[in-house]
Every structure is written in structure tokens, then in C-alpha cells.
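Data first, discussion second: the structure below is written as C-alpha cells.
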Amino acid sequence: FGPFTESSSAHAMIADASDVLRSAEDSVSKRIKSAFAESRHLLEHRPAIALVTREGRALTNLDGLETCADVTFNYYSSPRRLRIVRSQEDSMLPSTQILNMHTRIEAQIDPDDWPESGPTFWALHGPEAVRGLLAAEMSALTGRLSDPNSKLPLWRRLLVFLRILRQPRGSLFLTAMQHNYGPQAAYQLARTNQFTQRLWFLLPWCLLAFILGVDPSEGGHKRVQWEILKVGVVLWGIFVAVQGRNRSSTLRYPDPAQFLREEQARNPTYNAKCSRKVVWTRLSFMAFPALLLFVVLVVAILFAITQLIVYLAYVWGDCVNLDCNDPQEKHGFLGWLAEVGTDILMAIVFELCFALAQILAVWVAQLRNSYYLRDFHFSIEMLTVMLAVIERIGTFGIIAFMFVPQWEERAVDEDIVDTEVDCSGLFLEDSSMWCLQLRLPLSRRRKIFQRAFKGPFVVAPFIGIIIKALVPLVARCLDRVARRIYCCCWLCDRIADGFVHLIALIFYYDGGVIGGIKYVAMGWPFSDICVVTNQVEVPEAPLEPAVEPPPTQQTLLPGEVAMEGSPFDRASSEPSPRKEEPVRVPSPAEPASEIRAEPAAEPPAMIGESGEIAANDPASHEAKAKEEEASEGYGGAAGKAVSEGGAQADAGGPVPFDRFCSQVDPLAMATSALNQGVRKMFEPMGELLEVKLSFLWILFFVPIMPFGIFPTLLARLLEVQTDLGKMLVNRRRAFPEPSDLIHLTQSTFNRAAVCGAVGWHIGLSLITYNDNLWQWGVGKVLAPVGVGLWLMFSCVLLLLRFGKE
């Protein structure tokens, strides 16, 4: 603005700037209020379910369900039939509607009607629910929790955005998520935000330790400070475990009655004739030895991988003399390839172990003979978590309690590398990890141990966010581009498409649904989509605008009962009236005719015998591109309008959802449903596993590297901003589940993790950072045995439920 020569000019400029900021705030406030009101309207829409059956099976109208689209298509040249249905009852919550539709469809369709492969049965992300949830989250983050006309102060909004303060348990967003996507999905998002907030409590403690330069390798007051730091971290873990024991501390409203019945469902594998004595006998002489052998196998694999890592870095990479930590220092790009290859090998091996662990978990859960299905699934989940824990900390445990400690007296000075040690009697001789342990001084080994956390703390969290949030979007875009463009060379086009398909299969698509390797070789599996039409009379009367409630009146979600303090309180709990249009439902005896649905003013896509577009025909790729663009948000003019907040009628009002099926192109709706059906499933239990492992990582390793809390907290703040988008865009919608199981697994794991952290830190003090361990005699044997037994006891706690409503 140039230099100010007079104070009056400065005051004028400040006044103008204030007016601009005030005008911008008013504009944003109006948009947020509009989004808040729109989210309530959009979240009332009824959800839809897609089901695929064999084409030869003639299905009658499903009782209590309304068909929105009925098409036939080919799945790798195998004829299939797709129907998109929704409930005819709008007095229930959307999640309850999906649960009831799931039960009705399973009861009315014969098992032989389902196809053997490909997509079969999934819930759909409706554009209304997606837009409503995004608007609700924006409203909550900007301070409008339950009333659009009131908002939090700016400083509180900033604290809520940074997750220093949590969103209230009764906010519109969490309640809408619970009512639309089910209690389990809402619990996962709420618990993730809750854990991020708890990290802020630990931040000042770690910041103080970082400023003081706490180092366990040094003696004197530095060692005392380190011991105090460990105690503080364990107390923080106890606080998190105790505070999160009650489910009501995470979600305000209890699960609906339908979900409570799901929690009390009986286990189909329960054997009433099997007594408790027989169960305990089987667990003692069958399950426990099998689990012990499996743990020994995993530890052996971890030991072999650790040996390989040490060899590549300190023998092949000569890091003993170069004072480095990886082979890149000596071998450059070749060393980087060796390091990446080791990581890939570890991932492959643990994927195989993970599959074996799931089989073992199911077998052990069956031996426990649980009466309730919830207890059966609990056993499977916790045994799977146990393997993930061993994988996460196993390598560091081997380094901490086997490689770093000084087991024998050194013949040379403490800070000198002893190259005269004879390793001929050891396995692998000079390349052995034990040989390196004998030659390196204690201070050098401790430095290696502390450096090993730099990557997992600083780099790994952000890489995980990129892989889960951004890479799937890039893979989807590349896959669509590969389907739209072609190369003049048929072989080059096939190779390039196959590579893109492989990337999309790894990061975006569900391999079991889309066809796995068959998709990599043949491409997009769906072709020859035809609309099955019935002569349904739909009146051509102009659509009437939906009746919106007064600004001062709050509306309830469908089926909700007004509660004191609920964001959905209003004078009456009756659902808002809807405009019903007379639509004649065809009888099952009416014949259905199949016609090829071709979008108007668009050339038809040229489909080959394999179900792919002709690779060398530009017109066919352009037609396919237009068809895919039309399928976004259910496609067509009506679908585009709905994705922008509701289809607009001639009079300018929003289209009531009761006539939504008649306004959207069935072909575009079916294409969008198939695109969603091949995505990877969103699993709240799997998403919360990352929170579990992050909690474990902080409890075990933050005292060794206090600075690690800063990148961990930053990564959690970034991840909570991407969780909702990942669920709505990158993943297939999961069927609603109760929150009881996910809460029990989380609270039980927190208790076991705190217990394990106590034994871990005692072991660090007595073994890893004990300069006189070699003088302890029998004590240097009893100490690691005691730590090992303590950690095993903590693993047993994973199988004992902890938590309450």
C-alpha cells in the first residue's frame, strides 16, 4: 500500500480492512448457515442398497422395498442382474433402514441366486448423505454444533479445529454419522478425534524432556530425568485407558434397539453340549500350544529379518567404519534398492503371517465356544491385534533386549570397535548379528537403537496418510485415464493398462470383488449394461418445492425421539410431511422388456467380446469418458443437480426424495453403484487399529525419542482431516454395525498396552540401559525372562474383555 505519512491514512486503511474482513466473515457465515440447514434436509433422505444376482433368476418385487433401478450387465462375459432398492418406510433412522433392508433381502433371496464371484450386495453412498455429512462436519468445526444461529467464539473454534477441544458428543456431525452410517463408524471417528486430543496432554511433558535433553545413555541427573519421563508417559497411558473405558465418554447416544439385538445375536457355532471343563481343556492343550508355536514362528521370522537388516547396513554397507545407519552411505542407489527390497519382503512375509493368524484366530475362537456372536468376533479381533502388535514392536524388542545390552565384559576400551573378536564359532560367523554385538561398543549400539526410531516417528506416519488418502485417488484417476485413452501399439497399450490396473488393484479396488489378476489382464469387468423397464405410470405434473421448517425450528432425523440436550430437539417429534406422488407399482405378472439404454446425443460405447472398449477406436473412448462423467453422483442432469444439493424443479424448488428414483437416469445410477461396489470396504475396526498401534508406539518409544511426539501429533491432525473423505470417496460403504464390539476391543487393548508398557520400561532400565548388566550373574538371565513373562501376561489380557457402556 506504500508508506503511510499521516496517521489518518493509516486509520482509514485499518477501517477499510476491518470492513472487508467483516464482510467476508458475514459471507462465510451465511454459507455455513445454509450448509447447516441443508445438511439437516439432506440427511433425512432414505439410503439405497445394490444387489447383484444371476440373470437367469427371475426375482419378484421384494416386500417392503422399492426398486430404483433394474439393469442387466455382463461381468467378464457372465450375465448378471443389478437392482438398486430402498426401504418404503421413512420413519426409521437411515442406518436402521439399511439394517432392516439387509435382513429382508437375505430372507427373501435364495442363496442359489447369488453369483459365485464379483459384487453381490452392498450399501451405497448417496450424494445426499455425502453432501450432508460434509456440511455437518464443516458446521461442527466452525462452531455451529446444534444451532445454526449460534456459534462458538473464535478461540474455541480454533481449539476444536486443532482437536485441543473435542466436538461435543451431541454435536450434529457425530449424531448424523451415528444415525446414517451406524454407531460403529461414528465411534471410530469420535475415538480418533479423542485420541488426537489426548496427545495434546502429553505434548508439554515431552517438550520439557526435549528441552532438558533427556538421554538414557548418560548417568546422573539425566538418567533420573529419563526415569521420571517414563513414569509420566505411563501415567498418561493409564489416564487414556481409564477415561476411555466407558462408551458414553465417546458417543453420547446409545445404539438403537435394532443394533442392541445384533449385539445379543447367538453364535451359530455354539455347541450347547460342550461343558466349560471341556472348553478349558481344549484351550490349555490345543489353543495355547498352537498360539505359542505361532508366536515362536513370528519371533523367528523377525529375528531373521533383523539379521538381514543388520547385515545390509553394517557388513555389506560397512557402517561399522562409516558410522552410518543404512547401506545408502556406501552403495548409493543400490543400497536404497536393497533397503526397499527388505521392507517389501517384510511386508509380504507378514501378510502371509496375518492370513495365517486370522485362520488361527477363528479356530481358537471356535474352541472358546462363545454363546454370543459378539464374543466370537471379539476373540478373532484381539488375536489379530496381537499379531499386529508383535509385528510393530518385535524387531525393536530384539534390538533392545538382545543386540544392545552388554552381556559380557569387553577386553578393550568402551568406545573402541574391537575387530579382534573371533566370530568363527557363531552362525554366519563375521556376518552374524551376535558378532557385531561383540565388536561394537555399548554406546554405539545404544546410538543405533535410538536412531532406528527416526523413520517410524518422522517419516512413516506421513507415508501412511499419503498411501491411504492420496494414492487411492491417483490410482483411480490413472485407471480411468487408461480406459479413456489408447495407444496405436496394441502390445504397448496392454502393458501400460496392465500396470495401471495393478496399481489400482493394490490401492483402490477390492481384489476379491473386481476379479484380482483377471482384472489386471482383461481390464474393466462390467459391460453391456441394459435397463430392464416396466410400464410404470409416472405423472408429469410439475414438482412441488419441499416444505422446509421455520428457521427457529429444529427438525428430527427420521425415527429420532427428541431428547433433552439433543441437537434435534423441537416442539414436536413427528417427522416432517413429505409430498407423495402417485406411482403405480407393477405387479409381478407384468412382463419386463429389456432395452439398450443409450444416453441421448452420445455415441454408444463399442464393447468387445471381452467386455472392454475397442482399444483403437477414439470414438469409443470418448463415449466411455462421457458415460463415466455422467455416472458421477448418479449421473445425468438430475444426478448432477442432486450432487449439487438437490435436483431443481421448474419452479426452482428442491426435488423431494420420494421422487428421486424417477428423476435419475437408471443407467447412470447403476454405473455409479457398480463403481462403488468394486472399491475396498471401509472397515471402522481396521481404521481404529491404527489408533491402537499409535497409542502402543507412543507408550513404548516416546521416552527414548521425546521429539517423536511432534511429528506424530502433526500426522494425527492431518489424518483426522482426511478420515471422512477417505470413507466417502475412497471406500465402499459398510453395513451399519453396533458400537459395542469396537468399544470393547479398544478399551481392552488400552489396558493391555499400559500393562505391557510397564514391563517394557522396566526392561529398558534393567537390561538395555544397564551398564553393569554383565556383572549381575544369574540376574542377567532372570531379568529378560521376567520381562518376557510380563509381556506374555499383557498379551493374555488382550483376550479378557475390559470396558462398559
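The values are calculated or read from the model by the stated rules, or taken from the named source; none is laboratory data. Everything numeric here is computed off the predicted structure, so don't read it as measured data. Cβ placement follows ideal geometry from the backbone for every residue including glycine, while neighbour counts extend to all protein chains displayed. Side chains are part of the model used for accessible areas, which takes the heavy atoms of the whole protein and leaves out ligands, DNA and RNA. Shrake-Rupley method; radii C 1.70, N 1.55, O 1.52, S 1.80 Å.
How do the pairs read when you match residues in segment 515-534 that are without any contact (Cβ under 8 Å) to a residue 12 or more places away in the chain with residues anywhere that are of a type outside the set (Gly, Ala, Ser) and buried (at least 20 other Cβ atoms within 10 Å of the Cβ), using Cβ under 8 Å and keeping only pairs 6 or more apart or on different chains?
GLY516/LEU505
Report the residue count in segment 313-372 for those that are basic (Lys, Arg), open to solvent by 90 Å² or more (accessible area, probe 1.4 Å) and in contact (Cβ under 8 Å) with a residue 60 or more places away in the chain.
Within segment 313-372, the subset basic (Lys, Arg) is 330, 368.
In the following step, the residues that additionally are open to solvent by 90 Å² or more (accessible area, probe 1.4 Å) were identified as 330.
Next cut, in contact (Cβ under 8 Å) with a residue 60 or more places away in the chain only: none.
Going through segment 313-372 one residue at a time, the tally reaches 0.
Please state which one of VAL796, VAL785, VAL754, VAL781 is assigned to a helix (DSSP H, G or I), touching a helix residue (DSSP H, G or I) at 6+ places or on another chain (Cβ under 6 Å) and aliphatic (A, V, I, L, M).
VAL754
Open to solvent by less than 60 Å² (accessible area, probe 1.4 Å), in contact with a Cys (Cβ under 8 Å, 6 or more places away or on another chain) and of a type outside the set (D, E, K, R): which single residue out of VAL404, VAL417, VAL421 fits that description?
VAL421
Just for segment 702-730: of the residues that are among the β-branched types (Val, Ile, Thr) and not in a loop (DSSP other than H, G, I, E, B), which one is nearest to LEU99 (Cα to Cα)?
Per the criteria, the residue is VAL729.
Can you tell me which residue among THR250, THR269 is touching a helix residue (DSSP H, G or I) at 6+ places or on another chain (Cβ under 6 Å), open to solvent by less than 10 Å² (accessible area, probe 1.4 Å) and β-branched (Val, Ile, Thr)?
Only one candidate passes the filter, namely THR250.
Determine whether THR384 is surrounded by fewer than 18 Cβ atoms within 10 Å (Cβ to Cβ) and polar (S, T, N, Q).
Criteria not met by THR384.
Give the number of residues within segment 731-741 that are at pLDDT 90 or above and assigned to a helix (DSSP H, G or I).
Of the residues in segment 731-741, 0 are at pLDDT 90 or above and assigned to a helix (DSSP H, G or I).
Starting from residues that are open to solvent by 20 Å² or more (accessible area, probe 1.4 Å) and in contact (Cβ under 8 Å) with a residue 40 or more places away in the chain, keep the ones in segment 495-511 and report whichever is nearest to PHE121 (Cα to Cα). Don't jump to the end; show me each part of the working.
Residues of segment 495-511 that are open to solvent by 20 Å² or more (accessible area, probe 1.4 Å), as a first pass: 495-497, 499-500, 502-503, 505-507, 510-511.
From what is left, the residues that are in contact (Cβ under 8 Å) with a residue 40 or more places away in the chain are 507, 510.
Details: PHE507: 21, ASP510: 14 Å.
By that ranking, first place goes to ASP510.
Go through segment 281-300 and report how many residues are under 30 Å from SER443 (Cβ atoms) and either in contact with a Pro (Cβ under 7 Å, 6 or more places away or on another chain) or buried (at least 19 other Cβ atoms within 10 Å of the Cβ) (or both).
So the answer is 0.
May I ask you to list the residues in segment 712-766 that are closer than 29 Å to ALA129 by Cβ, open to solvent by less than 20 Å² (accessible area, probe 1.4 Å) and among the β-branched types (Val, Ile, Thr)?
VAL720, ILE742, THR745
Among the residues that make up segment 223-236, is at least one of them touching a residue at least 12 places away in the same chain (Cβ under 8 Å), open to solvent by less than 30 Å² (accessible area, probe 1.4 Å) and assigned to a loop (DSSP other than H, G, I, E, B)?
So far as segment 223-236 goes, no, none of its residues is touching a residue at least 12 places away in the same chain (Cβ under 8 Å), open to solvent by less than 30 Å² (accessible area, probe 1.4 Å) and assigned to a loop (DSSP other than H, G, I, E, B).
Restricting attention to segment 132-146, does a residue exist that is over 19 Å from GLN178 (Cα atoms), open to solvent by 10 Å² or more (accessible area, probe 1.4 Å) and modelled with pLDDT under 80?
Checking segment 132-146: at least one residue is over 19 Å from GLN178 (Cα atoms), open to solvent by 10 Å² or more (accessible area, probe 1.4 Å) and modelled with pLDDT under 80.
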